[in-house]
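Inspection log for the structure reproduced underneath, given as structure tokens.
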Amino acid sequence: MEVSANMGIGGVVAFVAGVVVLVKLFQKEGFLKGILGLICMLYTFIWGLQNMKNEELKLKTWMYIWMAGIVIGIIISFVSGSGG
């Protein structure tokens, strides 16, 4: 199976945005919930969605970037023919 460099672009974008949201989770919720977010990034993603409107955290842009990275990765994967 051939892996294209373009397929990783969405993953890298999603990873970077996820790490930024994870750092905000550590700062806002503390060590234990931060570790939970590190173990299960789905928790971090849902927490970010729930706190998008919190102006002091400034998560809205990062969550949109995270979602776009996921979508871009899926689209590139299917377009390149390795999605099934």
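Return yes or no: is residue 42 closer than 15 Å to residue 14 by Cα and exposed (fewer than 11 other Cβ atoms within 10 Å of the Cβ)?
On the way: closer than 15 Å to residue 14 by Cα: yes; exposed (fewer than 11 other Cβ atoms within 10 Å of the Cβ): yes.
Spelling it out, residue 42 is indeed closer than 15 Å to residue 14 by Cα and exposed (fewer than 11 other Cβ atoms within 10 Å of the Cβ).
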Quiz item: How many residues are under 16 Å from residue 14 (Cα atoms) and either modelled with pLDDT of 95 or more or of a type in the set (Val, Ile, Thr) (or both) if we restrict to segment 26-37?
Solution: 0
Quiz prompt | Those residues of segment 57-84 which are touching a helix residue (DSSP H, G or I) at 6+ places or on another chain (Cβ under 9 Å) and loosely packed, with under 11 Cβ neighbours inside 10 Å, in sequence order | solution = 84
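The values are calculated or read from the model by the stated rules, or taken from the named source; none is laboratory data. Worth saying up front: this structure is predicted, and the values here are computed from it rather than measured. FYI the Cβ positions are ideal-geometry reconstructions off the backbone, even for glycines, and counts take in every protein chain you see.
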